[in-house]
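What follows is a short report on a single structure.
Every read-out reported here was derived from the displayed coordinates using simple, explicitly stated rules and does not represent laboratory data. The structure displayed is predicted, hence computed values, not measured ones. As a convention, Cβ positions derive from the backbone with ideal geometry for all residues, glycine included, and neighbour counts pool all protein chains shown.
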Amino acid sequence: MQPIRVVFLGTGDAFSAGGRNQAAILIQHPQVSLLLDCGATTLTSLNKYNIPTDTIDGVLLTHLHGDHFSGLPFLFLHYMYIEPRTKPLRILGPEGLEDGIRQLYKAMYPNDASSPLPYELDFTEVQLSRKYLVDILQIEPFQAVHQEKPPSFGYRIHLDGRKIVYTGDTGWTDELPARAKDADLFICECSFYDTRIDTHLDYMTINERLRGCGYKKMILTHLGREVLQRSRQLDLKLAYDGAIIQL
């Protein structure tokens, strides 16, 4: 097996709590590189950590909220003017994917959006009970409890004999322990400490219901103010911008 690096480019919530960047996680393997979500600050992080953008083969979006996909227009421009790209960029995510991204690009940069890109954008709307490939990387979506239309997804990602599970934004569902089981890395959102709402997870729920569910490693991300204020008191591992996990 070849090494896998998981780089946390953005670990904050929609409000960039604690000055953290918005959601973005990069999975790097010698044969393929996949970006999980692409919040507004993603290009900032890639530049800060000296990660060449041309290594990214695909972008996998959990849902179409701004803190998870609004960094794409900046990437598009970067690929035009700074690190010219010619190979296609694969973008996978929920229904309405292409229309939502193109509308955002047009709203932000109308002149550039009106001209053809020098590289292809290859959009794939994912569906439950189907599997998708980006090179040797296999993706299995599962339903997240966040927004219904367009839907929100979490993902099981299989790569070179290892499994990464990413919840995306989600409230509690009794299926989560089974999703986490046997994961080499379980990346779980944790927006709150003990405030419980239907569309996000909190630390207390995670600690009570997901601790020791058969994963090898768990790390919490999408961290909000409540969690960060108590970070020194918590036992479960919290991600931070720039963190790297080797698998």
Taking a temperature of 37 °C and a viscosity of 0.692 mPa s, what whole-number D in µm²/s does Stokes-Einstein yield for the range 5-246 with Rh from Kirkwood over alpha carbon pairs?
183
Over 22 Å between Cα atoms: which of LYS181/LYS217; LYS149/LYS216; LYS149/LYS217; LYS131/LYS163 fall into that group?
LYS149/LYS216; LYS149/LYS217
TYR215's amide H: which non-local residues (gap 5+, or another chain) put their own amide H closer than 5 Å, with H modeled 1.01 Å from N in plane and none for Pro or chain starts?
ASP182, ALA183
Rank-order 232-241, 34-43 by packing density, defined as the average count of other C-beta atoms within 10 Å over each peptide's residues, highest first.
34-43, 232-241
For the range 90-157, what class follows from the C-alpha gyration tensor (a ≥ b ≥ c being the square roots of its eigenvalues): rounded when a/c is under 1.5, otherwise prolate if a/b is larger than b/c, else oblate?
oblate
Computed D for the range 137-235, Stokes-Einstein, Kirkwood radius over alpha-carbon pairs, 20 °C, 1.002 mPa s, to the nearest µm² per second, is 157
So, relative contact order of the chain in percent, Cα under 8 Å, 6 or more apart, is 19
Magnitude of the Cβ-charge dipole (Lys and Arg +1, Asp and Glu -1) of the chain about the Cα centre, nearest 20 debye, reported as 620
Setting aside same-chain residues fewer than 8 positions from LYS48, which aspartates and glutamates have a Cα under 18 Å from its Cα?
ASP37, GLU83, ASP241
As a check on your grasp of the helix formula, calculate [θ] at 222 nm for the chain: sum -39500 (n - 2.57) over DSSP H runs of n ≥ 4, divide by the residue count, round to the nearest 500.
-5500 deg cm²/dmol
Dipole of the chain (Lys/Arg Cβ +1, Asp/Glu Cβ -1, origin at the Cα centre): which of VAL134, ASN47, ILE82 lies farthest to the positive side?
ASN47
Packing-wise, with mean Cβ within 10 Å as the measure, how do 81-92, 6-17 rank, highest first?
6-17, 81-92
In debye to the nearest 20, how big a dipole does the range 1-117 give about its Cα centre with +1 on each Lys and Arg Cβ and -1 on each Asp and Glu Cβ?
240
